[in-house]
Amino acid sequence: MIGKTEQELTAAKIPYEVGVARYEELAKGQMMGDESGLLKILFDPASLTILGAHVIGDRAAEIIHIGQAVMALGGTLTYFRDTVFNYPTMAEAYKIAALNGLNKQITPLEA
């Protein structure tokens, strides 16, 4: 994991939203047989700035650095939405989690 946890953000009264990608939703996750892993991105709902990223499951150490690099450069959730990730790879989880989080941002009037 990198950045803040949900508990830290809640305790500090920092607003945040969550985007999640489950390994079972990814072609690579299915190929590996890991149905319990996930990637979670915590982000500021106003600025979309990345506040933390958590990866649990097989090959977590191989993809957490992507979130770390984007956070270090002040990136936002839109980076993951707009970036092309090779398919099938575990890194694709960042795009899926970003889309999951951004979909929570759309109000019924915007849809």
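Once the Cα atoms are used to define both axes, helix 92-105 deviates from the longest principal axis of the chain by about 30 degrees. Along region 19-25 the Karplus relation, 6.51 cos²θ - 1.76 cosθ + 1.60 evaluated at θ = phi - 60°, assigns HN-Hα couplings of x, 10, 10, 8, 4, 5, 7 Hz to successive residues, with x for each Gly and Pro. For the chain, the longest principal axis of the alpha carbon atoms and the long axis of helix 60-72 meet at an angle near 30°.
Dividing the summed -39500 (n - 2.57) terms of all DSSP H runs of n ≥ 4 by the residue count of the chain sets its mean residue ellipticity at 222 nm at -11500 deg cm²/dmol. Taking every alpha-carbon pair under 8 Å whose residues sit at least 6 apart, the chain reaches a relative contact order of 29 percent.
Taking every protein chain into account, the accessible area of the chain amounts to 56 square angstrom per residue (probe 1.4 Å).
Given 0.36 nm per residue, what is the gain on full extension from His65 to Val20 after removing their alpha carbon distance, in nm?
Answer, rounded to one decimal: 14.5 nm.
Seen from Thr83, the other residues with C-beta closer than 11 Å to its C-beta sum to a net charge of 0, counting Lys and Arg as +1 and Asp and Glu as -1.
For region 1-40 and region 53-85, write down the distance between their C-alpha centroids in whole Å. The distance from the Cα centre of region 1-40 to that of region 53-85 comes to 11 Å. Residues in region 33-43 carry Karplus couplings, in order, of x, 9, 9, 10, x, 7, 10, 10, 10, 9, 9 Hz; the curve used is 6.51 cos²θ - 1.76 cosθ + 1.60 with θ = phi - 60°, and Gly or Pro positions show x. Taking the 1.4 Å solvent-accessible surface of the chain as the whole, the part contributed by carbon and sulfur is 55%.
The values are calculated or read from the model by the stated rules, or taken from the named source; none is laboratory data. None of these values were measured; they are calculated from a predicted model. Heads up, the Cβs are rebuilt from the backbone with ideal geometry, glycines too, and the neighbour counts pull from every protein chain shown. Please note that ligands, DNA and RNA were not included when accessible areas were found on the heavy atoms of the full protein model with its side chains. Shrake-Rupley method; radii C 1.70, N 1.55, O 1.52, S 1.80 Å.
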